[in-house]
Amino acid sequence: MTAAPLLEARNVTKQFVIGNRFTAQGLRTVHAVDAVSLKIMPGETVGLVGESGCGKSTLGRCMTRLYDITGGELYFEGVDITTKTLRQMRPLRQRMQMVFQDPYASLNPRRRIRDLIAEPLRVHLRLSETEVRDRVRQLLDVVGLSPDHMDRFPHEFSGGQRQRIGIARAIALEPSLIVADEPVSALDVSVQAQIVNLLADLQERLSLTYVFIAHDLSVVRQVSTRIAVMYLGSIVELGSANDIFAKPSHPYTQALISAVPQPDLKKAGERKRIVLTGDVPSPINPPQGCRFHPRCPFATDKCREERPVLTEMAGTRSVACHYPLTA
Amino acid sequence: MLEVRDLRISFRTEHGRVRAIDGVSFDVAESEILGVVGESGSGKTISLLAVMGLINDPNAVIEGSIKLRGRELIGLKASEMRKLRGREIAMIFQDPMTAMTPVYTIGWQIAEQIMVHERIGKKAALARAIDLLAEVNIPNPREAIERYPHQLSGGMRQRAVIAMALSCNPALLIADEPTTALDVTVQAQILDLIRKLRRVHKSAIVFITHDMGVIAETADRVMVMYSGRVVERGTKAEILLEPRHPYTKALLDSIPPLEGEKPRRLKSIPGSPPSLLDLPKGCSFGPRCPSRFDKCAEKPPLEGGAHAAACFLKAAP
Ligand SMILES: Nc1ncnc2c1ncn2[C@@H]1O[C@H](COP(=O)(O)OP(=O)(O)O)[C@@H](O)[C@H]1O
Ligand SMILES: Nc1ncnc2c1ncn2[C@@H]1O[C@H](COP(=O)(O)OP(=O)(O)O)[C@@H](O)[C@H]1O
Ligand code: SF4
Ligand SMILES: [Mg+2]
Ligand SMILES: [Mg+2]
């Protein structure tokens with residue numbers, strides 16, 4: 001990959017200050033995303049995985065600048081967007097869109113589908129009403145909804161159809177990047193597959209680049225070119241989707257993948273499960289040294305004291321561990 | 001030990017009568033784990049709430065027969081049913097807070113549960129609570145009994161609820177998607193725990209899930225539901241390796257693989273499950289079924305003995 005990245009995060013950090021200075025605990029800082037560096041190349045799908053609270057959504061929202069970032073830098077299509085204001089972001093916002101888990105929450109229940117999909121077109125483009133109409137019709141077709149759906153309201157649709165509407169809105173302005181935050185997590189398996197296929201078709205047709213956030217590892221493996229595994233705000237492993245699943249290198253990745261229940265009984269016997277003890281520590285007081293060390297079966301004194309940095313290994317793999325499992 | 005026969009549940013609504021469960025029959029044997037799988041709205045929760053006697057909606061009409069160790073539960077007095085719950089059958093839910101009160105400590109809530117069913121003092125009940133928390137692998141159970149639910153993580157809360165359900169050593173435990181809201185590493189711990197319960201206590205367990213992977217890891221036998229009916233049932237191996245109903249097949253096919261070559265596209269089932277208000281005549285999977293033929297305009301019965309499928313296609317795969 002020698003092309004320029006579509007989006008580049010350099011040491012992106014996001015902290016939230018919570019609490020109240022008048023209570024016993026006072027103000028506390030949540031280290032939601034901690035010095036993440038990641039290049040998203042044109043045309044690829046980067047999957048972000050990790051357990052809830054590890055900072056996936058926060059990182060996604062930082063990338064699209066829905067959040068101001070606390071530290072680090074962000075470049076989109078070569079432009080430094082680190083400190084751009086809302087107003088300055090507006091023309092760029094058309095180029096980067098988000099799709100959320102529950103499109104229903106973001107769809108005004110009193111507006112018809114035609115208006116919901118037309119909204120981004122009307123806000124950002126100067127189109128005549130006929131042009132808007134044609135474009136809406138075309139968008140519905142692209143996401144697999146029929147033109148008869150135009151005059152219906154969001155509640156008349158199933159979960160899968162609503163996600164199609166959410167996707168139609170996201171692609172309306174022909175973005176180059178879509179950050180999809182758990183887009184299929186609320187859907188039943190059979191419908192999930194429809195949406196995964198739709199996203200793949202759209203990627204090909206519209207040369208889209210995706211950041212795909214999900215906690216379902218088999219879905220992420222299916223859609224992703226590369227996968228970034230996050231733990232307590234940081235990327236602990238980065239590599240091609242196939243490699244990471246076949247040979248995880250970070251002890252956390254290994255445990256995470258081994259915990260996914262295998263529905264294929266023929267293969268279930270071969271798998272060895274690594275059961276982690278304890279829960280994910282709080283991002284308010286993350287552990288010193290390697291953040292994974294309290295749960296890591298391989299931790300040594302070095303791990304307790306020195307924080308491993310994400311280091312490039314053979315091929316395209318990077319790992320943040322003092323003792324990676326595969327060299 | 002549990003025999004459900006021709007269970008039918010409908011609700012009177014403003015749009016007319018809605019048939020949520022349409023003739024569901026199944027058995028659970030002693031110390032067996034029955035997995036119940038199906039998409040949301042297929043009737044998994046409601047059929048087992050009926051077993052618990054927990055459908056409180058005055059508009060609900062429940063018909064058929066539910067026998068626990070020979071005793072008919074449909075029509076049982078509310079007070080009798082209450083006695084049965086906790087002592088003979090217990091249920092845990094996706095959200096552990098369904099069974100907990102935020103204002104009491106974990107230890108007190110478990111102890112109280114024990115004291116409802118047994119004549120023992122508070123001290124003895126608390127001691128039992130500590131043992132139970134240890135049994136479900138909660139670290140430092142002596143400290144944990146002093147905690148309030150919100151001070152525990154989701155996984156720990158679910159363990160505490162399991163401890164509560166175990167407090168009276170029920171013969172049948174119904175677990176309704178107990179790991180759906182949990183992360184996979186925590187889910188793995190809870191699944192281990194459920195398997196251990198069956199081993200140690202010989203409890204019969206009905207495990208409801210929408211995840212075929214979870215079925216593969218827990219169940220002995222499986223029942224697949226679709227729009228209020230059982231479309232297939234059999235042993236875990238029969239269902240996962242030789243599915244006979246087109247819905248079961250399609251459901252298994254639509255799961256992205258965890259290893260090996262990635263398919264270019266996933267196989268998906270077109271459309272979505274039908275609305276209960278507008279169920280198709282005949283086979284309810286018909287409108288989405290790739291193998292549909294003339295006969296499917298009639299309602300297919302669940303046939304075939306132990307490995308049964310409600311489908312007119314008789315030929316094995
Ligand atoms: N707006 C916010 N205010 C305070 N804390 C937040 C906020 N958003 C997220 N967090 C915290 O930041 C951490 C990362 O959250 P999130 O990015 O939502 O994780 P994920 O999407 O991986 O589940 C969590 O500890 C979460 O509680
Ligand atoms: N009180 C009620 N009134 C009307 N319909 C109900 C009621 N409770 C459940 N249902 C309907 O019964 C069907 C089965 O629901 P449920 O058992 O919760 O499905 P599952 O657990 O498989 O997702 C759903 O379509 C639901 O809308
Ligand atoms: S650095 Fe040490 S503690 Fe961290 S993952 Fe590697 S071996 Fe485990
Ligand atoms: Mg999230
Ligand atoms: Mg349910």
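Observations on the structure shown:
- Among strands (runs of 3 or more DSSP E) entirely within segment A:1-80, having at least 2 residues that are open to solvent by 10 Å² or more (accessible area, probe 1.4 Å) singles out A:7-19, A:27-40, A:71-76.
- Restricted to helices (runs of 4 or more DSSP H) entirely inside segment B:164-246, those with at least 2 residues that are in contact with a strand residue (DSSP E or B) (Cβ under 9 Å, 6 or more places away or on another chain) and either open to solvent by 10 Å² or more (accessible area, probe 1.4 Å) or within 16 Å of ligand 3 (Cβ to nearest atom) (or both) are B:184-201, B:236-241.
- Of residues in segment A:209-247 being within 12 Å of another protein chain (Cβ to nearest Cβ), out of contact with any Pro (no Cβ under 7 Å at 6 or more places or on another chain) and aliphatic (A, V, I, L, M), the one farthest from ligand 2 (Cβ to nearest atom): A:246
- Hits in segment B:20-38 - residues which are touching a helix residue (DSSP H, G or I) at 6+ places or on another chain (Cβ under 7 Å) and either away from ligand 2 (no atom under 11 Å from the Cβ) or within 14 Å of chain A (Cβ to nearest Cβ) (or both): B:31, B:33, B:35, B:37, B:38
- Scanning segment B:55-94 for residues that are surrounded by 13 or more Cβ atoms within 10 Å (Cβ to Cβ), of a type in the set (A, V, I, L, M, F, W, C) and not in a strand (DSSP E or B) returns B:55, B:73, B:74, B:76, B:81, B:84, B:93.
- Scan of segment A:294-327 for residues that are open to solvent by less than 80 Å² (accessible area, probe 1.4 Å) and free of Cβ contacts under 8 Å to residues at least 12 places away in the same chain, ordered by number: A:299, A:311
- Of all residues in segment B:42-63, one or more are more than 16 Å from ligand 1 (Cβ to nearest atom), in contact with a Pro (Cβ under 8 Å, 6 or more places away or on another chain) and of a type in the set (Ser, Thr, Tyr).
- Scanning segment A:127-156 for residues that are part of a loop (DSSP other than H, G, I, E, B) and within 16 Å of ligand 2 (Cβ to nearest atom) yields a total of 0.
- Any hit, segment A:182-196, residues being part of a helix (DSSP H, G or I), more than 16 Å from ligand 2 (Cβ to nearest atom), more than 13 Å from chain B (Cβ to nearest Cβ) and buried (at least 18 other Cβ atoms within 10 Å of the Cβ): no
- The C-beta contact set for segment B:99-125 (first residue among the hydroxyl-bearing types (Ser, Thr, Tyr), second residue open to solvent by 20 Å² or more (accessible area, probe 1.4 Å) and part of a helix (DSSP H, G or I), distance under 9 angstrom, 6+ apart or interchain) comprises B:104/B:112.
- Matching residues in segment B:242-278 - criterion: being within 7 Å of another protein chain (Cβ to nearest Cβ), touching a residue at least 12 places away in the same chain (Cβ under 8 Å) and among the charged types (D, E, K, R): B:267
- Residue that is nearest to the other protein chains (Cβ to nearest Cβ) [pool: residues in segment A:248-262 that are touching a residue at least 40 places away in the same chain (Cβ under 8 Å) and β-branched (Val, Ile, Thr)]: A:260
The values are calculated or read from the model by the stated rules, or taken from the named source; none is laboratory data. Not measured: the values here are computed from a predicted model. All Cβ positions, even for glycine, are placed from backbone atoms using ideal geometry, and neighbour counts span all protein chains on display. Remember, those area values only see protein heavy atoms, side chains included, never the ligands or the DNA or RNA. Shrake-Rupley method; radii C 1.70, N 1.55, O 1.52, S 1.80 Å.
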